[in-house]
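A short write-up of the structure that comes next.
The values are calculated or read from the model by the stated rules, or taken from the named source; none is laboratory data. Values in this document were obtained by computation on a predicted structure and should not be read as measured data. Here the Cβ positions follow ideal geometry from the backbone for every residue, glycine too, while neighbour counts run over all protein chains shown. These accessible areas exclude ligands, DNA and RNA; they are computed on the full protein's heavy atoms, side chains included. Shrake-Rupley method; radii C 1.70, N 1.55, O 1.52, S 1.80 Å.
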Amino acid sequence: MSSAVLALAFVLWGAVAPASLGSVADSVNSVVTGNLGWLYIFTASAFVVFVIVLMASRFGRVRLGPSDSTPEYKTVSWFAMLFTAGMGIGLVFYAVAEPLTHFTSPPTGEAGTAEAAENAMLYTFYHWGLHPWAIYIVLGLSLGYFSFRKGLPLRPAAALYPLIGNRINSWPGYLVDVVAVFGTLFGLATSLGIGAQQVGAGLETLFGLENSTPLQVVLILLITSVAAVSVLLGIDKGIRNLSLINLWLALALMLFVFFFGPTRDLLNSTAANVGVYVQQLPGLSFQTFPGDADAQSWQSGWTLFYWGWWISWSPFVGMFLARISYGRTIRQFVAGALFAPVGASMVWMTVFGDTALDLLRADPANPLAGAPDSPETSMFLLLQQLPVPEILTLLASVLSIVVVVLFFATSSDSGSLVIDILTNGGDPNPRWQQRLFWAVLEGIIAAVLLGAGAAAGADALSALQTASILAGLPLCIVLILMAVGLMKGLRSERFVVALPVEMSPAVALRSSTARSDGHSTGRAPDNGQAAIDPSGALYSETAVATMATSDEVAPDSDDGVLDNAEEVSLERQER
């Protein structure tokens, strides 16, 4: 109830005094980016290292649930839902516009050169690569582990149990949940506003409608109604099916550009882009451009906006990932939610970004040169210049609009589910009426942000970026605490290696006789006791990596950490 009241109060402020809201947001944003940008940079990069190390460690075998649990969704459905929830509208909006912007206005170096083109794709990969998914994974893993394995409610405060104990059910825990609700609302509002801008640009391209703020507000409200229908259908019939449809349509759009664009060059560019990204990522991840005001301004408008956007999305995406990942191991979760979507994003960005860069480098007067000033039109400008009949260009433009609308709907629907879980104490199956309320409120907040930006004299995208950066700041602190809590919880899992099975005297005697006679069978007996391999060595079925378990959730008397675990696996080991 408190989250709903505060959200409605924000909507009222934006409706009554949009200029005041826009002015205050800009002032606070300047303070945050000017003084705390280093915190976003360091935290996001540290999360990448954290999740990769966790995946490779012994804790990678721990399941998000009991040891005998199995995944709830098949791999394709699981990937479709996590990918459309985690990236969504931004991939379509920035796939062409971002590489072109970095190419024409790089933070360092000369614009329009081959080096600028290479760096343009490097910066794009940096913003859409490992960092955002590592942020999502930290929250998703924490919630999945403490909820499905430890029996705590599916809410962000539960991940802090090792740190604050039962106070997750008092004001500290409630505060964390409220922060997560607002981060989700503003992160989704940013995406919905961006989606409305691009749909408006598509309608202007196809039908000549002016892509104005009033049109974008109307589009937000109309597309929110599509999300409302998916809300009523639930996860299996709504979000799952809509995500699968969206994934296949997005793939069709990408293949259209791939086959009618510079196909051979795109294959080469994919390998080159990945190579440069892997080489430059360590240094770029901690770059803050000290002493370079222009580069720092670029970083504020791009990198800090993205990191704030991803962090503000983390409660939504992380909780949704946890909700659909029951039964998967930590290693499966990290590998599936880190490398698979990052690989897909890299291919997507290369196909659209390098195709646009090739056109602009061949003709500097190409209409794509204006894409940085109107990023919502860049996708349609690219489609118009492919060597295909006009009817195919029209169909591809319509397809891109449909993809954006479906991304819009799946993001809104998934976000509504997550917010409703948050505001219902962690209940994973909240009532549809409440999900409908939050879906409508998300659309209204996006419309208010667009209006506030216009009233304050700023462009709508700037207002949305400001909202993301501000919402991400408190959540950044919460995510750091969650990572600490997750490690404390995992370290309480006690691994006990069992001793080899001791042979009975009769079996030992038979083994000795067999060795002396040279009649080794090399086969393990059915009773699992000692046998002889062809070289005469003994081996036995041995239980290893067995964890002592307790089914109850209770803080340890010494350090407040949850102290339970369970058997992970039985492995055969030669002795």
Task: Given (1) surrounded by fewer than 17 Cβ atoms within 10 Å (Cβ to Cβ); (2) under 27 Å from the mean Cα position of the chain (by Cα); (3) at pLDDT 90 or above, number of the condition residue 389 does not satisfy - done: (2)
- [ ] Residues being among the hydrophobic types (A, V, I, L, M, F, W, C), outside any loop (DSSP other than H, G, I, E, B), open to solvent by less than 50 Å² (accessible area, probe 1.4 Å) and more than 11 Å from residue 122 (Cβ to Cβ): count how many of those fall in region 269-299.
- [x] 2
TODO: Would you tally the residues in region 31-59 being more than 19 Å from the chain's Cα centre (by Cα) and either modelled with pLDDT of 85 or more or open to solvent by 50 Å² or more (accessible area, probe 1.4 Å) (or both)?
DONE: 10
Open item on the list: Going residue by residue through region 356-364, is there one that turns out to be part of a helix (DSSP H, G or I) and closer than 25 Å to residue 245 by Cα?
Closed with: no
TODO: State yes or no: is residue 420 buried (at least 22 other Cβ atoms within 10 Å of the Cβ) and in contact with a Pro (Cβ under 9 Å, 6 or more places away or on another chain)?
DONE: yes
Task: Residue check for residue 81: at pLDDT 95 or above, under 29 Å from residue 405 (Cβ atoms) and open to solvent by less than 20 Å² (accessible area, probe 1.4 Å) - done: no
TODO: Say whether the condition of being surrounded by fewer than 24 Cβ atoms within 10 Å (Cβ to Cβ), among the small types (Gly, Ala, Ser) and at negative phi is met by at least one residue in region 177-199.
DONE: no
Open item on the list: So for region 373-383 (the condition being at pLDDT 90 or above and open to solvent by 10 Å² or more (accessible area, probe 1.4 Å)), does at least one residue qualify?
Closed with: yes
Open item on the list: When you scan region 307-328, do you find a residue that is among the charged types (D, E, K, R), surrounded by fewer than 19 Cβ atoms within 10 Å (Cβ to Cβ), more than 21 Å from residue 474 (Cβ to Cβ) and out of contact with any Lys or Arg (no Cβ under 8 Å at 6 or more places or on another chain), even just one?
Closed with: no
